[in-house]
Amino acid sequence: MNDRAPISGRWGAGRRTSFARRDLNLALAGALLTGVILAFALLLLILARVNPELGARARGAVSDVLSPVTRLIMAPVNGVRALADRVGDHLDTVDKLRETEEALRAAERSVKESAAARAELREAEALLKLRRPERRLVVSAQASALSGSGAVRQATLAAGLRHGVQPRMPAIAAEGLAGRVTDVGLISARVMLLSDPNSRVPVQVERTGWTGIAAGTGEVDLLFLFDPASATDALRVGDRLVTSGDGGLFPPGLPVAIITDAGGSPPRARPLVRPAALGVLSIEAPWLPPAEPVATAPAADEPDQPVVPTVPAPVAAPVASPGPTP
Amino acid sequence: MSRSIDQPALPSPVAALLPVLTIAGGALVLALPLPMAMGGLPMLPLILLVAWSGVQPRLIPGWAAFLLGLLLDALTGLPLGVMGASFVGVRVMGGLAGSRAGGRGLLEEWLAGAALLMAAAAFQMAALALAGNVVAAPGLLVQAALSILLYPAGFAIVARVNRKLADNPDLGG
């Protein structure tokens with residue numbers, strides 16, 4: 001006998017058995033639970049919109065667990081890369097030595113020419129009593145880019161809270177700016193790379209001084225967002241973008257990208273730091289730390305002053321105009 | 001009361017956890033530091049979720065799909081809830097499609113999987129926008145396309161594992 005088949009009787013065909021009722025109840029309960037889970041997921045998303053730091057601890061903790069595995073996996077890759085670099089250096093030693101000597105001579109000439117200009121600048125700053133913030137290195141650590149998601153471009157850093165790393169610190173590679181720290185764990189951290197869709201870096205064109213924003217798109221290239229109406233010259237392919245220092249997070253003068261498509265709207269630029277070969281990143285403190293409010297004593301209450309009704313001034317009598325002169 | 005022959009056998013703990021463990025393993029693969037200029041590996045955990053939702057939907061309840069999505073969010077650095085919501089949506093749609101379609105050929109299964117993977121990409125974009133993130137549509141679409149190309153291989157692996165579970169009496173077959 002099939003216990004699941006509906007039993008027909010005087011009260012109509014298709015009366016559900018207990019098993020069928022149980023299955024129906026389970027299905028309804030499952031649907032209700034799924035709805036609750038979906039609602040909770042939507043709530044998490046809304047909370048993430050209101051508080052982007054939500055989940056940073058969880059992501060940092062997962063990063064701590066993955067960091068040793070990541071380093072273990074990257075060890076042979078880094079070893080092979082170092083070996084290839086050594087072989088390449090050995091084969092190109094003579095040519096590189098000639099290039100290095102020429103570059104050194106050019107640099108010595110440039111240093112002599114700019115020494116006088118630097119001295120004048122120092123005197124001017126001293127006269128103005130100009131205070132120039134100093135860059136402070138926090139830690140240097142190995143970084144590896146993650147490629148698992150098409151929605152974000154991040155890297156893991158083998159340094160965390162124990163090494164002084166904090167969120168929003170700039171991450172700098174040998175070639176220039178790589179990104180900024182987002183989630184921090186105890187022994188590791190995540191770095192948002194320049195090509196991340198949420199990355200926005202205040203930059204300026206080194207040749208002309210125009211300021212704008214280098215925006216990540218999730219692809220290889222960045223977009224250079226600036227106001228073309230204020231430009232007095234045309235942007236050129238090969239123009240270098242450097243950090244402008246606006247916002248106080250990134251120190252000014254860091255190389256960021258090179259313009260590859262000057263005619264586009266907006267123009268496109270290729271980052272100088274390649275995600276596939278990050279290497280060692282230097283984490284620095286924010287260039288201009290946020291101002292700390294100074295506690296002041298609350299103002300003393302003043303007694304209410306009596307309001308004196310004002311008396312309007314009397315209106316002067318009109319003066320009779322003199323008659324016409326004969 | 002004796003059990004009817006058409007009631008499925010209760011799975012052993014190993015068989016019950018296998019789908020969840022394979023999806024979690026796929027999520028760990030995505031966290032590997034592979035040196036690529038652009039992000040967007042095939043979404044292996046999503047491929048496995050779509051496949052298991054059609055083959056053994058009872059072994060991946062909605063709450064398990066949600067937790068797996070949260071794990072993927074933490075591993076890839078996304079806001080918590082993005083993949084959680086996407087996984088729950090895909091699990092529900094996958095369960096409905098699997099329960100109504102019955103036996104399907106390779107092409108039909110591939111098309112059904114492609115539709116679910118594109119739906120997952122749409123869920124992900126909507127969830128990212130709701131969380132206040134900028135949506136990189138080209139990267140997500142490239143990732144979805146790679147996932148669709150890899151789907152038959154993922155489904156074949158899931159089907160083979162499921163057959164071995166069904167054939168092995170020690171594992172609840």
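For the stretch A:181-223, the set of residues classified as part of a strand (DSSP E or B) and among the hydroxyl-bearing types (Ser, Thr, Tyr) consists of A:THR182, A:THR211, listed by residue number.
The numbered conditions (1) free of Cβ contacts under 8 Å to residues at least 24 places away in the same chain; (2) out of contact with any Leu (no Cβ under 6 Å at 6 or more places or on another chain); (3) not basic (Lys, Arg) are all true for B:VAL55 except (1).
In the stretch A:191-208, the residue that is nearest to A:LEU241 (Cα to Cα) out of those that are among the charged types (D, E, K, R) and either touching a helix residue (DSSP H, G or I) at 6+ places or on another chain (Cβ under 6 Å) or open to solvent by 10 Å² or more (accessible area, probe 1.4 Å) (or both) is A:GLU206.
Just one of (1) over 30 Å from A:HIS163 (Cβ atoms); (2) within 15 Å of the chain's Cα centre (by Cα) fails for A:VAL237. It is (2).
One line per residue, one yes/no per condition, for (1) modelled with pLDDT of 85 or more; (2) within 11 Å of chain A (Cβ to nearest Cβ):
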| residue | (1), (2) |
| --- | --- |
| B:VAL29 | no, yes |
| B:PRO33 | no, yes |
| B:ALA37 | no, yes |
| B:LEU41 | no, yes |
| B:LEU48 | yes, no |
| B:VAL55 | no, no |
| B:LEU80 | yes, yes |
| B:TRP110 | yes, no |
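For A:ARG57, the requirement of being more than 8 Å from chain B (Cβ to nearest Cβ) and more than 30 Å from B:GLY89 (Cα to Cα) is not met. Screening B:LEU17, B:LEU72, B:LEU68 for residues that are more than 12 Å from the chain's Cα centre (by Cα) and either modelled with pLDDT of 80 or more or surrounded by 21 or more Cβ atoms within 10 Å (Cβ to Cβ) (or both) leaves exactly one candidate, B:LEU17. A:ALA58 satisfies every condition listed in (1) open to solvent by less than 50 Å² (accessible area, probe 1.4 Å); (2) more than 30 Å from B:GLY25 (Cβ to Cβ); (3) at pLDDT below 80 except (2). In the set A:ARG81, A:ARG122, only one residue is at pLDDT below 90, of a type in the set (Lys, Arg), over 19 Å from the mean Cα position of the chain (by Cα) and within 29 Å of A:ASP64 (Cα to Cα); that residue is A:ARG81. Scanning the stretch A:153-184 for residues that are open to solvent by less than 10 Å² (accessible area, probe 1.4 Å) and β-branched (Val, Ile, Thr) returns A:VAL165, A:VAL181. Residue-level check: of (1) free of Cβ contacts under 8 Å to residues at least 60 places away in the same chain; (2) buried (at least 19 other Cβ atoms within 10 Å of the Cβ), B:ALA119 misses just (2). Scanning the stretch A:128-142 turns up no residue that is over 30 Å from A:ASP183 (Cα atoms), modelled with pLDDT under 80, open to solvent by less than 30 Å² (accessible area, probe 1.4 Å) and in a helix (DSSP H, G or I). The set of residues in the stretch A:232-243 that are open to solvent by 30 Å² or more (accessible area, probe 1.4 Å) and outside any strand (DSSP E or B) comprises A:THR232, A:ASP233, A:ALA234, A:ARG236, A:VAL237, A:GLY238. Inside the stretch A:272-283, residues that are open to solvent by 20 Å² or more (accessible area, probe 1.4 Å) and at pLDDT 90 or above make up a count of 3.
The values are calculated or read from the model by the stated rules, or taken from the named source; none is laboratory data. Since this is a predicted model, take the numbers as computed values, not measurements. We place every Cβ from the backbone using ideal geometry, glycine too, and count neighbours over all the protein chains shown. Ligands, DNA and RNA are excluded from the accessible area calculation, which covers all protein heavy atoms including side chains. Shrake-Rupley method; radii C 1.70, N 1.55, O 1.52, S 1.80 Å.
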